Amino acid sequence: MPSTLRALLCLGLCLSQRISAPKQTLPKPIIRAKSTYMVPKEKQATLCCQGNYGAVEYQLHFEGSLFAVERPKPPERINEVKFHIPDMNSRKAGRYSCVYRVGELWSEPSDLLELVVTGKLSGSLTGE
């Protein structure tokens, strides 16, 4: 077989393996509300996103769009970040998810977490 043909055959095999290789992703993170998923109107909600040690970036998504970004320091010692959502209202209630990145690899999205805003303020302001 001529060397040019052999080189093209090898190149074709290499490219086909690269194209058909499965996309690598990291395991999905765990998202949770710090106290409760039901947040009184005008109070702060805190969402925690737990990924892997070494993650250099965490993203919080709200209804499918980027909402906030956290970059832990030092990433090799931290596997969870907190996202604070001040002044909860009906526009901030809905479905949240998070992802994280280690190097160039991104995780799968977390499961969805539904945040609900309640109409009452906390106990001392309502007399409860």
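The values are calculated or read from the model by the stated rules, or taken from the named source; none is laboratory data. The shown structure was predicted, so the numbers you read here are calculated from the model rather than taken from an experiment. Glycine gets a Cβ as well: all are built from the backbone with ideal geometry, and neighbour counts include every protein chain shown. These area figures cover heavy atoms from the full protein model, side chains too; ligands, DNA and RNA do not enter into them. Shrake-Rupley method; radii C 1.70, N 1.55, O 1.52, S 1.80 Å.
Values as computed for the structure displayed
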{"quantity": "Under Karplus coefficients 6.51, -1.76 and 1.60, residue-wise ³J(HN,Hα) of the range 62-79 in Hz, glycine/proline x", "calculated": "10, 6, x, 10, 4, 10, 7, 10, 10, 10, x, 9, x, x, 6, 10, 10, 10"}
{"quantity": "Greater than 23 Å apart at Cα, pairs in 28/82; 43/92; 23/92", "calculated": "23/92"}
{"quantity": "Relative packing of peptides 109-116, 64-71 - highest average C-beta neighbours within 10 Å first", "calculated": "109-116, 64-71"}
{"quantity": "Accessible area per residue, Å², the range 21-88 with all protein chains present, probe 1.4 Å", "calculated": "62"}
